[in-house]
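One structure is given below, encoded as structure tokens.
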Protein chains: 4
Amino acid sequence: MPNAILPVAPGIVASDWLNVSRPITLDQLRGQIVVMHAFQMLCPGCVSHGIPQAELLYKYYAEKPVQVIGLHSVFEHHEAMNKNALEAFIYEYRLTFPIAIDQASNDGPIPVTMQRYSLKGTPSLVIIDQQGKIRLNHFGRIDDLAIGDMIGFLNQKGG
Amino acid sequence: MPNAILPVAPGIVASDWLNVSRPITLDQLRGQIVVMHAFQMLCPGCVSHGIPQAELLYKYYAEKPVQVIGLHSVFEHHEAMNKNALEAFIYEYRLTFPIAIDQASNDGPIPVTMQRYSLKGTPSLVIIDQQGKIRLNHFGRIDDLAIGDMIGFLNQKGG
Amino acid sequence: MPNAILPVAPGIVASDWLNVSRPITLDQLRGQIVVMHAFQMLCPGCVSHGIPQAELLYKYYAEKPVQVIGLHSVFEHHEAMNKNALEAFIYEYRLTFPIAIDQASNDGPIPVTMQRYSLKGTPSLVIIDQQGKIRLNHFGRIDDLAIGDMIGFLNQKGG
Amino acid sequence: MPNAILPVAPGIVASDWLNVSRPITLDQLRGQIVVMHAFQMLCPGCVSHGIPQAELLYKYYAEKPVQVIGLHSVFEHHEAMNKNALEAFIYEYRLTFPIAIDQASNDGPIPVTMQRYSLKGTPSLVIIDQQGKIRLNHFGRIDDLAIGDMIGFLNQKGG
């Protein structure tokens, strides 16, 4: 791999966190790989593919220095996907991975973290390496194989 | 088939209807077969199986005297599955079949039509024959084959 | 349904039968509905869809006057799909429905029964009513719903 | 990872090779990762899961120092799964990855390479690292994620 200049991962700006006892910051995860899955609870492709994949990753890497984080980035139907609705969704779908509620913006429908990462929609998958650099920023469906390949590569490198 | 005494289908009590220009009554559907799919928008088994099945039935029987009706019977997380949220859900999942919002009850979480049909949960499928009698009241997953078999049987009988 | 002149189902010409103690003839099935699934053991669409569907139909209609028959109509790779290979296939896939081996033709690769029914390839599904008339002759994938609908319709009519 | 003593991968003993112009040896692949998928063409779990996975791996790693090899290890129904039958299977399923036909043994049904690797059945997946050591020898279904994770890890290490 050439020595590309990798972008630094911006911090996650969350109005709330679910499935964790306290907020998570990327700074405290330095030295670990972070897999951030951005979704909306009423996005069909997230429900059928992205969210089960995030749960699978969370369980598969439970004992490894890999942190899976969900990011609820609501950019449409804001009222229908508020915190109360998301909590019902998490309960019904038995989700266990940590989920940040992306902070609503003052100047438009796109929430703050989604803007910072220039996400194109949901589902999106972002992989951040042990030095806090963005290695992948993918919009749409992505195969488990590609994710495993990248995490395995970074795990060795970072170890 | 023995001459069993079949229960009469109670009327649908709806606070609202979506995907139709005016409310549907079972009385006006006498002479047709009615397939009623009771669901909740945050019920995983409804989203993965029951709702796509209802949409399939609606399209398959479009030219036949068979009316598919969705019944949004919310008995939990009422606020998260209100009318506004359901409209967003219908839009995102591109649902086209008529959907009644089951009337909330004054005396508990179970809505009125759900009580009248003694539905055990969601997803449930009810098939009503041309004479307004209940032929099937099934809780949980049911195969397309079983539904087709019953509708084909009733179609011939009623013709 | 208009009074179309329905084609009479030709007899099945088989060089052998598997999963039954003696050959089946359509004549002896008069009064029953016959569902004939034509397949080849090395046809991917048969293995993934048609054959599991035939097994499902066989079990679903076990107590009804509906006879499911597999027809192994080999029109290519004849040596690779001989009787010995088919027996191994049936064993490995745990198939339980009766299967006729379509009689090889003297004048070309298309076996005799396949020619008689003018089947276009595999998988094909043929439905024969209680009077021995062909009601469906379908090449390619077909939904469970459509099959159930036709069988239910014929069951009532024939009863 | 502790400094475990990893077993050396024995050579592949093949009676024939398909989808390649000449036989492949593990020696010539030193420096590359080898993914060997052992299957039987009439094994249901191979057809539904293992073989499509091998094809996916072959395409995903086409430009990487990762060689996917199929190993047709027939230990039952030998006649039904001979070379001619395998060629028909490969043609029908549009398989493009290199496939070795595991050499039949003189003293029993288990072929030679299968014995050398102590494979427990099909499907099995073996991953061999750049130094010719066995890193994984897995019987049964395995997720894409686990395979990607191991290959990514080895790719970095070996680079």
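The values are calculated or read from the model by the stated rules, or taken from the named source; none is laboratory data. Just so you know, these numbers come straight off a predicted model, no measurement behind them. As a convention, Cβ positions derive from the backbone with ideal geometry for all residues, glycine included, and neighbour counts pool all protein chains shown. Accessible surface is based on the protein model in full, side chains and every heavy atom, while ligands, DNA and RNA are left aside. Shrake-Rupley method; radii C 1.70, N 1.55, O 1.52, S 1.80 Å.
Odds and ends about this structure:
- Cut-off 18 Å, label 7 Å out along Cα→Cβ of C:Val13, residues of segment C:99-114 by amide N: C:100-114
- Two-site FRET efficiency, A:Ser21 against D:His138, from Cβ-Cβ distance with R₀ of 30 Å, rounded to 0.05: 0.25
- What separates the Cα centres of segment B:56-110 and segment C:65-138 is a distance of 44 Å.
- Take segment A:1-100 with all the other protein chains still there, run a 1.4 Å probe, and you get 46 Å² of accessible area per residue.
- Chain pair A, D: total accessible area buried, heavy atoms, 1.4 Å probe, Å²: 1500
- Near A:Gly11, once Lys and Arg are set to +1 and Asp and Glu to -1 for all other residues with Cβ below 9 Å from its Cβ, the sum equals 0.
- Accessible surface ranking for A:Glu92, D:Glu63, A:Glu76, 1.4 angstrom probe, highest first: D:Glu63, A:Glu76, A:Glu92.
- Overall Cα dimensions of segment B:1-136, principal axis frame, Å, largest first: 44, 36, 28
- R0 of 60 Å, Cβ-Cβ distance D:Asp107-A:Thr96: FRET efficiency to nearest 0.05: 0.70
- Segment D:69-141: trypsin sites (Lys or Arg not before Pro) in DSSP coil with no more than 13 other Cβ atoms inside 10 Å: D:Arg94, D:Lys120, D:Arg141
- Net charge of neighbours whose Cβ lies under 13 Å from the Cβ of D:Ser124, counting Lys and Arg as +1 and Asp and Glu as -1: +2
- Assuming charge only on the beta carbon of Lys and Arg (+1) and of Asp and Glu (-1), the dipole of segment A:68-159 about its Cα centre is about 320 debye to the nearest 20.
- For A:Tyr93, the accessible surface of its heavy atoms amounts to roughly 50 Å² (probe 1.4 Å, protein chains only, rounded to the nearest 10).
- Electrostatic tally near C:Pro44: other residues with Cβ closer than 9 Å to its Cβ, Lys and Arg +1, Asp and Glu -1, net 0.
- DSSP H segments from chain A that extend 18 Å or more along their own axis, Cα-based, with Kyte-Doolittle mean of -1.0 or above: A:144-158
- The modelled label-to-label distance for the pair D:Lys120/C:Arg30, using points 7 Å beyond Cα in the direction of Cβ, is 5.7 nm.
- Per-residue 3J(HN,Hα) values for segment A:109-118, derived from phi via the Karplus relation 6.51 cos²θ - 1.76 cosθ + 1.60 with θ = phi - 60°, read x, 7, x, 5, 5, 4, 5, 4, 8, 6 Hz in sequence order (x marks Gly and Pro).
- Peptide D:41-48 has a mean of 4 when you count, residue by residue, the C-beta atoms of other protein chains within 10 Å of its C-beta.
- Normalised alpha carbon radius of gyration of the protein assembly as shown [divisor 2.2 N^0.38 Å]: 1.14
- Dipole in debye (nearest 20) - segment D:16-75, about Cα centre, beta carbon charges: Lys, Arg +1; Asp, Glu -1: 100
- Each of C:Leu136, C:Asn106, C:Val68 was placed along the dipole of segment C:65-138 (beta-carbon charges, centred on the mean Cα), and the one lying farthest toward the positive end is C:Leu136.
- Of all accessible heavy-atom area on segment C:73-130, the percent that carbon and sulfur account for (1.4 Å): 48
- Dipole of segment B:12-107, positive direction: furthest Cα of B:Val13, B:Val35, B:Phe89, with charges on the beta-carbon: B:Val35
- Where C:Asp149, B:Asp27 fall by accessible area, highest first, once all protein chains stay in place (1.4 Å): B:Asp27, C:Asp149
- Counted over all Cα-Cα pairs of segment B:75-124, pairs farther apart than 18 Å make up 35 percent.
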